[in-house]
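The structure under discussion appears below in the form of structure tokens.
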Amino acid sequence: MARYDGRVKIGVVQFPGSNDERDAVWAIERLGGSAELLWHGDRDLRGADAVILPGGFSYGDYLRCGAIARFAPVMAEVEEFARSGGPVLGICNGFQVLCEAGLLPGALARNGGLKFICRPQPIRVENPSTVFTRRTARGRVLTIPIKHGEGRYITDRATLATMEARGQVVFRYCTPSGEVSAAGNPNGSLDGIAGVCNEAGNVLGMMPHPEHAVDPAVGAGSADGALVLGSLIESLAGARA
């Protein structure tokens, strides 16, 4: 596995209620990158080459998932960074924050079964051409854990058609064999959508947690999350070379 001796620096935002930020830092460093926690009240990304908005329950999700975090001081910097082409990855609650901030289309709603789900989940790669998926291939099935109560992706059909045409659907829930069907859809997401990107491809939101699947001895028994986070590190390292 290639290592980059800390040349790539990824900032991980810590909101009140975040609970996966240190897992994300550990995963990035495990894969050879450098990671630093960024406080929600800061207005400085400290020279980060990319930003991760981690999972958890930012501000307790008291209003609506991600709705309060969207107004955190650091998000002004994250939005400017994203709009200038900087890579931003939102995981679970981070995905919700990105949708609330208008950096990604659609929204996340209560799971179809109205129950919290926590388990390893197969997802199928739909777009391997982003900075987050360059280590994958179209149609490849990854096993990455999910743990959410409001992960059902929704949008209107016209927006979805535009997203499909632009390659903005990056991951879909599926069965272990790669079939996108009701049997493989854990939360009722529209068309099985598990992750989407913006039109430029530099902002990705996904409900599964790649930071929990970078070592087969930990968590899901899978290292498929390393394909996502490792893709980001390699893309950044390549841009610097």
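The values are calculated or read from the model by the stated rules, or taken from the named source; none is laboratory data. This is a predicted model, so every value here is computed, not measured. Cβ placement follows ideal geometry from the backbone for every residue including glycine, while neighbour counts extend to all protein chains displayed.
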* Asked: Scanning the stretch 114-145 for residues that are outside any loop (DSSP other than H, G, I, E, B) and under 16 Å from LEU190 (Cβ atoms), which turns out nearest to the chain's Cα centre (by Cα)?
  -> ILE123
* To do: Filter the strands (runs of 3 or more DSSP E) completely within the stretch 156-241 down to those with at least 1 residues that are of a type in the set (Ser, Thr, Tyr).
  => 169-173
* Subset of the stretch 74-111 [buried (at least 19 other Cβ atoms within 10 Å of the Cβ) and acidic (Asp, Glu)] -> GLU77, GLU100
* Structure fact -> Listed by first then second residue, the pairs whose first member lies in the stretch 156-173 and is over 14 Å from GLY139 (Cα atoms) and among the β-branched types (Val, Ile, Thr), whose partner is at pLDDT 95 or above and in a loop (DSSP other than H, G, I, E, B), with beta carbons under 6 Å and at least 6 positions apart or on separate chains, are THR159/PRO105
* Given the conditions (1) closer than 21 Å to SER18 by Cα; (2) small (Gly, Ala, Ser); (3) modelled with pLDDT of 95 or more, report the number of the one that ALA220 does not fulfil. => (3)
* **Qualifying residues in the stretch 53-74 (those that are without any contact (Cβ under 8 Å) to a residue 60 or more places away in the chain and among the aliphatic types (A, V, I, L, M)) - the one farthest from LEU204 (Cα to Cα)** => LEU63
* Provide a single number: the residues in the stretch 19-29 that are crowded, with 18+ Cβ neighbours inside 10 Å and not hydrophobic (A, V, I, L, M, F, W, C). => 3
* **Out of SER177, SER129, SER181, SER189, sole residue that is surrounded by 17 or more Cβ atoms within 10 Å (Cβ to Cβ) and on the phi < 0 side of the Ramachandran plot** => SER189
